[in-house]
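Asker: Take this structure first; my questions come after.
The values are calculated or read from the model by the stated rules, or taken from the named source; none is laboratory data. Because the structure is predicted, anything quoted here is derived from the model rather than measured. Using ideal geometry, Cβ is built from the backbone for each residue, glycine included, and neighbour counts are taken over all protein chains shown. We work out accessible area using only protein heavy atoms, side chains counted, and drop any ligands, DNA or RNA first. Shrake-Rupley method; radii C 1.70, N 1.55, O 1.52, S 1.80 Å.
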Amino acid sequence: MRLRRVFAVLGVIAGGAVPTAAVALSADPFGAPEIADPTWRPATNFTEGVPFAGADGAGNMLLATIYRKTVSSDDQLAVLERCGSGPVTWQRTVLTDVAGGITPGRLLVSRDGTALATWRVAGGGTVRHYSSVRPPGGDWGEPQLIVSDLNVSFVQLAVSDTGDAIATWVDSSPSGTWASIRPAGGAWGAPESIAATNLTSDVAMSATGDAVVAYKGSTPGWVFSRYRPAGGTWGGVQEVLRNAYQDTLKSLMVEFDGTGKAVALANFRELNDTIRVNVRSSTGWGPTDQVLDDDGANPPNPSFDSRILQGLVRHPQGAVAVWTRRPTSSNFTDDIVVSRLSAAGWETPQKVFDLPSAFANASVATNDAGEILLAATLLYRPATTDVNDVRMSIAPSLTGAWPDLTLLSPQATPVNQFRDAFAVGGGSAFYVGWGVHGGSNQRTEVVATKPAGATCAATPTPTATATASATPTATASATATATPTASATATASPTPTATATPDPLPLPSATPTPTPTAQPSPPPPTPAAPSAIADFTTLPAASTCVRGHKLTVKLKKPPKGYVVKTVTVKVNAKKVATLKGKQLKKPLHLRKLPQGTFTVTVTITLTKGKGLTERRRYTACK
C-alpha cells in the first residue's frame, strides 16, 4: 500500500519547564482527541515534505490544508486555527478561489501572531506565486504577488518574530537565485539577485529581521551565502562550507540560533555521507571544513553509509540539529542523531537513538522554556503486517539528558496507523502531529493539554469538527523502551468531545471573502503559448515518494503549432539524458536515483519560442 499523508496534530505540552514525570510520560498529559478536519484530504500538492503548521508566542496553533467544495473540485488553500474553549473549535478560512485550482505553498507563523500563507497559480503563459497575511488579531488580507515567472521554482520563505518576511526562489531564465523582502504590514519589494546559480539553497530570518541565504555554487559545488542585516542591504558573497569532492552536496539547511548567529548544516556525499556545519559570528563564518558526523570516532559508530537531514531549529540559547543514518541506502535499520549547539559549541558526542529494525523520520521543536522535543515515526512489524506509530523524547535544555523514546500516539494496528510525525513549538507549548491511516476513517485529529486556543473571530462562522470518530490517545509508561516491538502499558484518553456536526464537505464561510486572483487573458497570437512545461510532459507528483530508485518522465504530444527540439533531464544538476528525434515519442525511465532527497530538472527546447524548465524535488521511499 502506498504511504499517503494526512496532516493531524497531536498534542500540546504547556507551561514552562516540563517536570520529570511529564518528560518520562509516566502519566497521560493529553486531553481528548479533537478532529481538526473530519474529511481525509491527501496532501497531494504539498511538495516540499515540510509540515504546514505553526504556532505563535502564546502557543496558538494554525494548520494549512487543502480545501475542496466537492470531491472532484479544484484544490484551494485553507487555514485552520485552533480557537476557543469548552470545547475547542477548529475554525477554517479559505484563502483562495481560483478557477483551475492552486498549488499550496507554505504556512509560517511569527511570534507576534502574524501568519503568512503562500500558493501558486499556473496559467496564461506564466506561474504566479502569491501570499496572504493575517496580522496579529486581524483578518487575512488580499493576495499579494510575490513573483510571476514561468521559470521560477523552489520558492522558500522565512519570517521574523514581528512579521517581516523574506522569499527566495531560483529561476532558469535568466539563471539565478533571487530574493524579495516584505516588511511587516507592507508589500513584497523588488526582486534582488543573490547568486548567478540556480541550485540548492535555503533561507532564514532572525528574530529581529536579519536574513541569510545559503546556496550551492557552481563546480566544485561548495556552499556560499549572502547576508542582509535588518533594514540594510545585501552583503558580499562568503564561503560557508567546502569539502574535497566536487559537486557532492546532497542537502542544505540554514537557520538563526537564539543568539542571532546564522547556522549552516549540510550533507555531502564523500564516499559515505558526511554532515558538515558552520556558524556565522559578527566577524563572519568560521572554518569552512568542519565535520559534525561521518564514519570517524565522533560519535563512535560502525560504518554508516547513508545520512538524511531531518531538521535544524532555533533554541533560545542556541540551535538543535537532527538527522538519521543507516548502514546502507537499502537497510532500514536507522539511528536518529541529535546535536545541540550552545555557547560552548556543538556537543560531543551527540545523542544517538538506536532504532533496530525500524525506519524513522524525525522532527524537532523547541519552546521558550528551552525544552527540546523530538518526535519520530517508526515503521516496524510486530506480527505479519508493517505498522507505524509515533514516539517522542523531551530534553529539558541544551545540556540536559535525553530520556528514551516513548510511545506518544495510540498503539498502531493495521487499520489505525500514525505516520509522518512533525513537531511545532510556540511559547511554552509543543505540538506534535501525524496522519491517521489504514482504515476507512482517515482523518485529521488533534489532542492537546492546552485547554484553549486564540479567541475565535466573529467571522467566518466556524466550520467545526466531528463527523469522524477520533482515536483515543494512549501513551507509554515510563518503563517503555524505544524498541518498536516492546510492550507498552497504555492508558486511554477520555472519549472525544464533538464540537459540531458540519456537512462532511462544508462550503467556505461567507466571510472573509478573499479577492479572486486575477487570471490574465490568453494571448491573442496563434498558436497559443504553452502555459507551462506540463503541456509537454507528465512528471510524477513530488508529494509521492520514489520507489525502487526509479521514476518515469512521460512526453506528451506538443500543443498545436509547437515542435520540441530536445528534452534534457538532470538529476541533482548532473545531466543524465538528452532526447531528440524519435526518442521524444518514448517515455524516459530514470533508474538508480539517489537515496534521500534529490532534484529532477527537465528542460524542453522548442524549435521556436522560449524553452521551458521544470524542477521537482523528490524523496526516495524509506
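To keep it simple, each residue is scored yes or no on (1) small (G, A, S); (2) surrounded by 20 or more Cβ atoms within 10 Å (Cβ to Cβ).
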| site | (1), (2) |
| --- | --- |
| G232 | yes, no |
| Q246 | no, no |
| L265 | no, yes |
| R325 | no, yes |
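Asker: So for the range 370-388 (the condition being among the β-branched types (V, I, T) and under 29 Å from R280 (Cβ atoms)), does at least one residue qualify?
Answerer: Within the range 370-388 (the criterion being among the β-branched types (V, I, T) and under 29 Å from R280 (Cβ atoms)), the answer is yes, since at least one residue qualifies.
Asker: Another question, then. Name the one entry in F418, F353, F359 that is among the aromatic types (F, W, Y) and closer than 22 Å to P33 by Cβ.
Answerer: Being among the aromatic types (F, W, Y) and closer than 22 Å to P33 by Cβ holds for just one of F418, F353, F359, which is F418.
Asker: Looking at the range 91-131, which of its residues are open to solvent by 20 Å² or more (accessible area, probe 1.4 Å) and of a type in the set (F, W, Y)?
Answerer: Across the range 91-131, the qualifying residue is only Y130.
Asker: Now for a different question. In the range 276-289, is there at least one residue being within 22 Å of the chain's Cα centre (by Cα) and either modelled with pLDDT of 95 or more or part of a loop (DSSP other than H, G, I, E, B) (or both)?
Answerer: yes
Asker: Of the numbered conditions (1) at negative phi; (2) free of Cβ contacts under 8 Å to residues at least 60 places away in the same chain; (3) open to solvent by 50 Å² or more (accessible area, probe 1.4 Å), T177 fails exactly one; give the number of that condition.
Answerer: It is condition (3) that T177 fails.
Asker: Within the range 184-197, track down each residue that is open to solvent by 30 Å² or more (accessible area, probe 1.4 Å) and within 13 Å of S225 (Cα to Cα).
Answerer: Across the range 184-197, the qualifying residues are S193, A196.
Asker: Same structure again: Run V223 past the list (1) in contact with a Ser or Thr (Cβ under 9 Å, 6 or more places away or on another chain); (2) under 25 Å from A365 (Cα atoms) and report the number of the one that doesn't hold.
Answerer: If we test V223 against (1) in contact with a Ser or Thr (Cβ under 9 Å, 6 or more places away or on another chain); (2) under 25 Å from A365 (Cα atoms), just (2) comes out false.
Asker: Consider S357 carefully, then state whether it is on the phi > 0 side of the Ramachandran plot and in a loop (DSSP other than H, G, I, E, B).
Answerer: Yes: the conditions hold for S357.
Asker: Working carefully through the options A383, A362, A358, find the one that is at pLDDT below 85 and open to solvent by less than 50 Å² (accessible area, probe 1.4 Å).
Answerer: A358
Asker: Looking at V88, is it of a type in the set (V, I, T) and surrounded by fewer than 21 Cβ atoms within 10 Å (Cβ to Cβ)?
Answerer: Details: of a type in the set (V, I, T): yes; surrounded by fewer than 21 Cβ atoms within 10 Å (Cβ to Cβ): no.
No, not satisfied.
Asker: Another one. Has the range 578-600 got any residue that is of a type in the set (D, E, K, R), open to solvent by 20 Å² or more (accessible area, probe 1.4 Å), closer than 19 Å to S173 by Cβ and in contact (Cβ under 8 Å) with a residue 24 or more places away in the chain?
Answerer: The answer is no; no qualifying residue exists.
Asker: Related question: Taking the range 229-246 as the search range and keeping residues that are in contact with a strand residue (DSSP E or B) (Cβ under 7 Å, 6 or more places away or on another chain) and in contact (Cβ under 8 Å) with a residue 40 or more places away in the chain, which one is nearest to V279 (Cα to Cα)?
Answerer: Taking the candidates together, the pick is V240.
Asker: Within the range 156-206, which residues are closer than 22 Å to Q317 by Cβ, part of a loop (DSSP other than H, G, I, E, B) and within 20 Å of the chain's Cα centre (by Cα)?
Answerer: Residues satisfying the conditions are S160, D161, S206.
Asker: So, in the range 145-169, how many residues would count as being over 17 Å from V109 (Cα atoms) and surrounded by fewer than 18 Cβ atoms within 10 Å (Cβ to Cβ)?
Answerer: 3
Asker: Being open to solvent by 60 Å² or more (accessible area, probe 1.4 Å) and either basic (K, R) or modelled with pLDDT under 55 (or both) is the requirement here; does S521 meet it?
Answerer: yes
Asker: When residues of the range 548-570 are filtered for being among the charged types (D, E, K, R), within 23 Å of K592 (Cβ to Cβ) and over 29 Å from the mean Cα position of the chain (by Cα), how many remain?
Answerer: So the answer is 0.
Asker: Report, by residue number, each residue of the range 135-167 that is without any contact (Cβ under 8 Å) to a residue 24 or more places away in the chain and over 18 Å from G124 (Cα atoms).
Answerer: Once the filter is applied, which keeps residues that are without any contact (Cβ under 8 Å) to a residue 24 or more places away in the chain and over 18 Å from G124 (Cα atoms), the range 135-167 yields G138, G141.
Asker: How many residues, within the range 258-275, are at pLDDT 95 or above and outside any strand (DSSP E or B)?
Answerer: 4
Asker: I've got another one for you. Select, from K250, K261, the only residue that is open to solvent by 40 Å² or more (accessible area, probe 1.4 Å), among the charged types (D, E, K, R) and more than 27 Å from K570 (Cβ to Cβ).
Answerer: Only one candidate passes the filter, namely K261.
Asker: Give the residue that is farthest from P287 (Cα to Cα), with candidates limited to residues of the range 198-226 that are surrounded by fewer than 19 Cβ atoms within 10 Å (Cβ to Cβ) and of a type in the set (V, I, T).
Answerer: Among those that are surrounded by fewer than 19 Cβ atoms within 10 Å (Cβ to Cβ) and of a type in the set (V, I, T), it is T208.
Asker: Moving on to the next point. Could you grab me the full set of residues in the range 555-568 that are open to solvent by 90 Å² or more (accessible area, probe 1.4 Å), closer than 15 Å to I604 by Cβ and modelled with pLDDT under 85?
Answerer: K556, K557
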